[in-house]
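Here is the structure we will look at, set down as structure tokens.
The values are calculated or read from the model by the stated rules, or taken from the named source; none is laboratory data. Because the structure is a prediction, the values reported are computed rather than measured. All Cβ positions, glycine included, derive from the backbone under ideal geometry; neighbour counts span all protein chains shown. Heads up: the accessible areas ignore ligands, DNA and RNA and are worked out on the full protein's heavy atoms, side chains in. Shrake-Rupley method; radii C 1.70, N 1.55, O 1.52, S 1.80 Å.
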Amino acid sequence: MLKIDQFSAANEAAIEQFSYFAKLSLANVEKFAELGLEAARESVVVATKHAQSIAGARDVNEVFAINQAALEPALKRAYVYSRTAFDTASETNNEVKRVLEKQNAELQRASVAAIEEALKYAPAGSETVVANVKSAIAAAQSAYDNLAAINKQIYDTVEKTVEQSVATAQAASKPRSRRGK
């Protein structure tokens with residue numbers, strides 16, 4: 001049976017966790033806002049320099065050369081931006097995962113302790129029911145561990161895909177030598 005001090009402690013823990021996640025969310029919003037503003041500032045500077053270079057071009061070939069030269073740095077900036085955004089989101093995901101794993105472990109420990117406490121006062125013959133409940137808790141933990149493993153696989157796959165896409169885009173943007181002019 002849940003005692004009033006246990007109920008109070010559970011409420012306090014829930015409030016603390018809510019506060020922590022709210023602060024984490026606000027910090028994440030702040031990081032993304034800073035990232036976006038920095039990218040916008042850099043884009044204005046780069047676009048201005050590029051426009052000035054285009055305006056100073058003497059012929060069409062020079063315009064093409066200027067545009068070609070600007071392509072690879074633009075791809076690198078896009079990669080850095082996406083990588084930073086991805087890393088920021090990943091850090092937040094890892095922190096949330098860490099907190100939830102800790103909470104899950106504490107909940108499981110408390111559940112097992114409560115079941116063992118109940119077992120002390122259970123009538124004879126109820127051991128099977130208690131064993132089934134313990135088994136269900138173990139199955140839930142196993143399902144959570146599987147979900148965490150799937151989450152990591154998804155993260156790794158997305159990370160590899162982003163890196164491959166950037167490598168492909170960088171390879172495609174490099175000037176090709178012309179055969180037989």
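What to note about this one:
- Selected residue (only one of PHE7, PHE18 is of a type in the set (Phe, Trp, Tyr), modelled with pLDDT under 85 and surrounded by 10 or more Cβ atoms within 10 Å (Cβ to Cβ)): PHE7
- Pairs where the first residue, in segment 1-30, is touching a residue at least 24 places away in the same chain (Cβ under 8 Å) and the second is assigned to a helix (DSSP H, G or I) and open to solvent by 50 Å² or more (accessible area, probe 1.4 Å), C-beta under 8 Å, 6+ apart: GLN17/GLN103
- Inter-residue pairs, beta-carbon under 7 Å, first open to solvent by less than 60 Å² (accessible area, probe 1.4 Å) and in segment 41-54, second assigned to a helix (DSSP H, G or I), 6+ apart: HIS50/ALA70; SER53/ILE66; ILE54/VAL63; ILE54/ILE66
- Test for ARG109: is it over 30 Å from LEU26 (Cα atoms), out of contact with any Asp or Glu (no Cβ under 9 Å at 6 or more places or on another chain), open to solvent by 60 Å² or more (accessible area, probe 1.4 Å) and not hydrophobic (A, V, I, L, M, F, W, C): yes
- Being open to solvent by 50 Å² or more (accessible area, probe 1.4 Å), out of contact with any Leu (no Cβ under 8 Å at 6 or more places or on another chain) and modelled with pLDDT under 85 holds for only one residue in ASN104, ASN67, ASN93, ASN61, and it is ASN93.
- Flag if ARG77 is within 30 Å of TYR20 (Cβ to Cβ) and surrounded by 13 or more Cβ atoms within 10 Å (Cβ to Cβ): no
- Subset of segment 26-84 [over 34 Å from the mean Cα position of the chain (by Cα), in a helix (DSSP H, G or I) and small (Gly, Ala, Ser)]: ALA51, SER53, ALA55, ALA65
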